[in-house]
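Take a look at the structure set out below.
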Amino acid sequence: MKLPHSLSTRREFIVTAAGALATASVSNVFAQGAGKIRVAVIGTGGRGCDLVRKLSTIESAEIVAVSDDYEPHLRNGARYAGKQAKTFSDYRKMLEQIKPAVVVVAVPLWLHYQVCCDALDSGADVFCEKTMTHSIEEGRKLAAKVRGSKQVFQVGLQRRANPIYNQARAMIETGMLGRITAARCQWHRNNNWRRPVPVERTHAKWNELEKRLNWRLYRKFSQGLMAELGSHQMDVINWMFDAAPSRVMATGGVDYWRDGREVADNVFCIYEYTLKPTHGEESRDPYTVRVTYSSLCNNAYEGASELIMGTRGTLFLTDKKGLLFLEKGADDVGWVKKDASGTNASIVTSGKTLGLTNDPWAFRGKPVEIDNEGGDDTREELVSFLHHVRDRDLQTICDVNIGLRNAATILIANEAIDARKTVEFPRDLRS
Amino acid sequence: MNTWFEIVLPGDDAENLQAAGEAALDEIERIEKLLSRFDPASEVSRINRDAAISPVLLDVELTGILETCRKAWLETDGFFDIAVNREEDANFGAIDFDPDTRLIFFRNVNARLDFGGFGKGYALDCAARLLRECGVKQALLHGGTSSVLAIGNDANEQPWRIGLRDPWKDDVVLQQVDLSDNALSTSATGKTVSDILDPFQRQPLQEKASCTVIAESAAQAEVFSTALLCMGKDKVASFVSPEIKALWTAESPSPKIILL
Ligand SMILES: NC(=O)c1ccc[n+]([C@@H]2O[C@H](COP(=O)([O-])OP(=O)(O)OC[C@H]3O[C@@H](n4cnc5c(N)ncnc54)[C@H](O)[C@@H]3O)[C@@H](O)[C@H]2O)c1
């Protein structure tokens, strides 16, 4: 398994830092280092501020500017970025005047393409929040532009930097789940998915502000639940399967929050993947695996998780904890007993008929836990990105190809919902 | 914090108030993720893990929080101390912290930060700021009922009325206090083993008492209710002012609240 950059180098850092400390006095250690990477953040709303806060704790970065065309959000960005950061309401002016080495893009989805292109044109390396683009076409163009440059590019799918998901990937790769046969994931919540509007409904600016703050709810700006939530989890699937889907059928609608929103408040998808057998299987023929995905805004019972199922085990994944359940083999179900020689099995008739029950817990052994013993994955993804920038290493943990494949994966589901038909994954993006 | 937070938002626009309430609760969750000692992904966990090995770079917000806590440590003669813990011999004095470079370093390897006596109040202040930015003019917020913050007045344009319970008996209200654009925090001992430590003895407080502080911000109220309870009733007088009011409850002969 190739570890994300930051995870493999952190240990070295601690060792060298501790060594250095033995000779340096505390005041020397507190002296500010030169040679920091000059970072600017465009779009300091909810996510942009998260990124600013994390960036400000990374030694190799200096936030030189923040930009947002909505004053209250620009103010927030400036507060978290610190005094050294210049503020701009016009990001183009910022690119021109500041010439940052790195641009972090956290504007609403419909602007990702334009802002990323402008940032690349300014010569900067770019970190773009997920989902990479609002349309597949934009994604293709952006990918071509990045490939044709020598600029470092990363999409903000932070599970790629999360130790739990990296561990899961390694477990699958080594065959611990056996043959992957299915997956199920969902992100279920129970709220109206609205941002508050700071003026009364009667205010002349209400409409404009509502659209700006609640861009997520409108088709022109947003690709709804699939882009905002589904992208994270379908990226996990593409990553764990090391494949893109071949097609999707999907349905969804505005069925509960009938408040003027245009994006579905519930979506259900079935994806098909064609996988090649990898682990000790007799047949080498490709086979089909189906994955269900759902997202709700009116019931939170299931929360957010991914379940990867194989013939020998199941992985339950969240960003805080992973659980590996091994399938019960015939010899530990409880109604099969080996004879004295340990070779021939015989059925014990007085035993329980566990094998016939539908009780889900009957088949789940005690899971093996995968903990995240430290580290915030958003910070880790940024640390990793900045290492790649420093090393001029274009192969980031979530590069433009992964970003494009992810965007196409979620966008074909929305297409399927609109057209009420099965939609094929674009052929040119499959490998 | 592992605490139940609630927000009361009077008004007509239910849709927008719900969105505002959700945003405020998200903000509280964000603070929890920043300050929790138990979440390995929190900033405080990162500091506690690394700061005795080499200096750790803080974000701007945590730098501000540490400045506030250092000031409180000095102002309360060391009775408010986010670096005290029961197992190890360390206090805020063992912490090097430079607000300009935003670096923190533990000179004592046993040092650890614990925002247990600060986080709830601070989270309420942040949630209140966000609600005000959303245009909210009336709200009551509380964390675990021991920290309470009021924005404006209640739906009847009266100050929000809060009942102070007998700390040792459920459902006995000893006194009412009115809040309006200010906050209150209660610290008490004697119901279960106290989680408030006397920084000088490094022991849970022994005396059965309760201290309620009313102040401009919920963080300030929490800092002082914690510190004043630690230092004991007799020392409190020098800390109260027009901005900071303190109410003290002792058990004997019968629970009674006195204004200090
Ligand atoms: N990786 C994650 O976990 C995660 C979480 C949340 C959001 N996101 C992504 O981050 C992006 C932003 O989402 P958000 O929740 O922060 O939305 P938001 O609405 O809170 O923030 C977007 C900001 O962009 C600003 N903006 C719009 N046009 C601009 C322009 N021309 N120039 C400068 N600023 C402009 C807006 O004023 C706003 O402040 C989205 O793509 C979203 O999917 C990712």
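Specify the residue that is farthest from A:Met176 (Cα to Cα); the eligible residues are those in segment A:216-228 that are within 11 Å of the ligand (Cβ to nearest atom) and open to solvent by 10 Å² or more (accessible area, probe 1.4 Å). So the residue we want is A:Phe221. Restricted to segment A:44-63, and to residues there that are open to solvent by less than 20 Å² (accessible area, probe 1.4 Å) and assigned to a strand (DSSP E or B), the residue that is farthest from the ligand (Cβ to nearest atom) is A:Ala61. Given the conditions (1) under 25 Å from A:Asp377 (Cβ atoms); (2) within 11 Å of chain B (Cβ to nearest Cβ), report the number of the one that A:Thr44 does not fulfil. Condition not satisfied by A:Thr44: (2).
The conditions of being farther than 28 Å from B:Ala41 by Cα and at pLDDT 85 or above are not met by A:Ile397.
If I ask for residues that are within 16 Å of the ligand (Cβ to nearest atom) and more than 8 Å from chain B (Cβ to nearest Cβ), which ones from segment A:366-378 would you list?
Listed by number, the list holds a single entry, A:Thr378.
Selection over segment A:66-97 of residues that are closer than 26 Å to B:Asp26 by Cα, within 13 Å of the ligand (Cβ to nearest atom) and hydrophobic (A, V, I, L, M, F, W, C) gives a count of 3.
Beta carbons closer than 7 Å, at least 6 apart along the sequence or on distinct chains, pair a first residue in segment A:103-115 that is free of Cβ contacts under 8 Å to residues at least 40 places away in the same chain and of a type outside the set (Gly, Ala, Ser) with a second that is in a helix (DSSP H, G or I) and more than 8 Å from the ligand (Cβ to nearest atom) for A:Tyr113/A:Glu138; A:Tyr113/A:Leu142. Of the candidates A:Trp257, A:Trp193, A:Trp239, the single residue that is aromatic (Phe, Trp, Tyr), open to solvent by 20 Å² or more (accessible area, probe 1.4 Å), outside any loop (DSSP other than H, G, I, E, B) and out of contact with any Lys or Arg (no Cβ under 6 Å at 6 or more places or on another chain) is A:Trp239. Being within 14 Å of chain B (Cβ to nearest Cβ), assigned to a helix (DSSP H, G or I) and buried (at least 17 other Cβ atoms within 10 Å of the Cβ) is a property that A:Arg75 lacks.
Of the residues making up segment A:130-183, those that are open to solvent by 10 Å² or more (accessible area, probe 1.4 Å) and within 16 Å of the ligand (Cβ to nearest atom) are A:Lys130, A:His134, A:Ser135, A:Glu138, A:Gln158, A:Arg159, A:Arg160. Counting only strands (runs of 3 or more DSSP E) that fall entirely inside segment B:2-121 and contain at least 3 residues that are more than 9 Å from chain A (Cβ to nearest Cβ) and within 21 Å of the chain's Cα centre (by Cα), the qualifying elements are B:5-8. Among the residues of segment A:98-118, those that are more than 8 Å from the ligand (Cβ to nearest atom), touching a Ser or Thr at 6+ places or on another chain (Cβ under 9 Å) and assigned to a loop (DSSP other than H, G, I, E, B) comprise A:Lys99, A:Pro100. Kindly indicate whether B:Ala150 is in a strand (DSSP E or B), surrounded by 24 or more Cβ atoms within 10 Å (Cβ to Cβ) and among the small types (Gly, Ala, Ser). Spelling it out, B:Ala150 is indeed in a strand (DSSP E or B), surrounded by 24 or more Cβ atoms within 10 Å (Cβ to Cβ) and among the small types (Gly, Ala, Ser). When A:His232 is tested against the conditions (1) within 16 Å of the ligand (Cβ to nearest atom); (2) more than 30 Å from B:Asn16 (Cα to Cα), the lone failure is (2).
In segment A:323-339, the condition of being open to solvent by 40 Å² or more (accessible area, probe 1.4 Å) and modelled with pLDDT of 95 or more is met by no residue. Every listed requirement among (1) surrounded by fewer than 18 Cβ atoms within 10 Å (Cβ to Cβ); (2) in contact (Cβ under 8 Å) with a residue 60 or more places away in the chain is met by B:Asp166 save one, (1).
The values are calculated or read from the model by the stated rules, or taken from the named source; none is laboratory data. It should be emphasised that the depicted structure is a prediction, and the values quoted were computed from it without experimental measurement. Here Cβ is always computed from backbone atoms with ideal geometry, including for glycine, and neighbour counts include all displayed protein chains. Protein only, heavy atoms only, side chains kept; ligands, DNA and RNA dropped before computing areas. Shrake-Rupley method; radii C 1.70, N 1.55, O 1.52, S 1.80 Å.
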